[in-house]
Every structure is written in C-alpha cells, then in structure tokens.
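Student: Please read through the structure below; I'll follow up with questions.
The values are calculated or read from the model by the stated rules, or taken from the named source; none is laboratory data. Since we're looking at a predicted model, the values are computed, not measured. Neighbour counts are summed over all protein chains in view; Cβ atoms, including those assigned to glycine, are modelled from backbone coordinates with ideal geometry. Side chains are part of the model used for accessible areas, which takes the heavy atoms of the whole protein and leaves out ligands, DNA and RNA. Shrake-Rupley method; radii C 1.70, N 1.55, O 1.52, S 1.80 Å.
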Amino acid sequence: MPCLAVVVLAAAGCSGVKSRVHNGTVDTTINQRPDAGRYLEAIGIGASDPAWATDTQRKALARDAAIVKAQYEMLSMVKGVNLKGGVKVERAMESDSVLEASVLDAIRGAEIVKSEFTSDNGCVVTIKLPRARLAKLMKVELE
C-alpha cells in the first residue's frame, strides 16, 4: 500500500489547465509561473504500489496520493501569501486557530481541475483555488 508522491507546484492566473502527461509519461520539464494571478494552482504527481491486483486499484491510489501531495503543496503556497499589512499567512495561522482551520478548509475545497493518468498507472492531478475565495474563507484581505 505504500504510495510515492512527487510534486511540482505552479501559480497560474490562466483559466485553461495545461496537460502534464504526453504519450503516457509525465513531461520531463514542467514550466512554472511565479505570479499567482487570480488563482493558486498546485500539481501533485502520485504513484501506487505496482503489486495491487488491478489497474483500477493502482490508478485510484495514485490519484489519491497526487491529490494529497497537491493539497500539501497548496498549503505551502498559501502560507507564503502576504496579508494586508505585510504579515504572511503562516505567521497569522500560528496565533489564530480559526484562521488555520479556514485555510485548511479552503485547501481541502480546492477544485480538482484535471486528473491525468500515465501508462504505468501514475497520476498527475491539478488543483486550483481562486485567491478571492481563499480571502473570503479566511476573512482577511490578501495583498
């Protein structure tokens, strides 16, 4: 049952989701955009144990691993966002458990916009979260 997950993270303001899998394999190079735009976007890459009996089981576990990894990377990204006044979300979360819960809920609620499977039953998942939704859930103003 062990799952291996690797992630690449991207911040994007575009509405279309770029394909990360071509000819059954994950791209060798995944370009990232440093500007967040209107959305925060995270990409998780997951793999499952090849000993599982069926392709469906392997794909399901790989997708679950990719979602968890993408959410983890989204959390890392959100913690680095500046609140109005120059305070980072990470610092504000340390002293406000309600804010921390709101951030975690927002990330769990991030939209899964694409799931792509590789020929070896790995999975690349792209999630995105509108910055405005994050700010509303956190009840704060983002810079």
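Student: Restricting attention to the stretch 89-111, which residues are touching a strand residue (DSSP E or B) at 6+ places or on another chain (Cβ under 7 Å) and loosely packed, with under 15 Cβ neighbours inside 10 Å?
Tutor: The answer is Glu111, and nothing else.
Student: Is the stretch 67-87 home to any residue that is in a loop (DSSP other than H, G, I, E, B) and modelled with pLDDT of 90 or more? Lay out the reasoning, then the answer.
Tutor: Within the stretch 67-87, the first condition is being in a loop (DSSP other than H, G, I, E, B), and the residues that meet it are 80-81, 84-87.
Right, trim to modelled with pLDDT of 90 or more and you get none.
Looking through the stretch 67-87, none of the residues is in a loop (DSSP other than H, G, I, E, B) and modelled with pLDDT of 90 or more.
Student: Return the total of residues in the stretch 55-86 being more than 19 Å from the chain's Cα centre (by Cα), open to solvent by 60 Å² or more (accessible area, probe 1.4 Å) and not charged (D, E, K, R).
Tutor: Summing the residues that are more than 19 Å from the chain's Cα centre (by Cα), open to solvent by 60 Å² or more (accessible area, probe 1.4 Å) and not charged (D, E, K, R) in the stretch 55-86 gives 3.
Student: Among the residues of the stretch 118-143, write down those that are within 27 Å of Thr25 (Cβ to Cβ) and open to solvent by 80 Å² or more (accessible area, probe 1.4 Å).
Tutor: Result: Ser119, Asp120.
Student: Moving on to the next point. Find the residue count for the stretch 105-128, including only residues that are in contact (Cβ under 8 Å) with a residue 60 or more places away in the chain, in a strand (DSSP E or B) and not β-branched (Val, Ile, Thr).
Tutor: 5
Student: To continue, here is another question. Scan the stretch 32-73 residue by residue and report those that are among the aliphatic types (A, V, I, L, M) and without any contact (Cβ under 8 Å) to a residue 60 or more places away in the chain.
Tutor: Scanning the stretch 32-73 gives Ala51, Ala53, Ala60.
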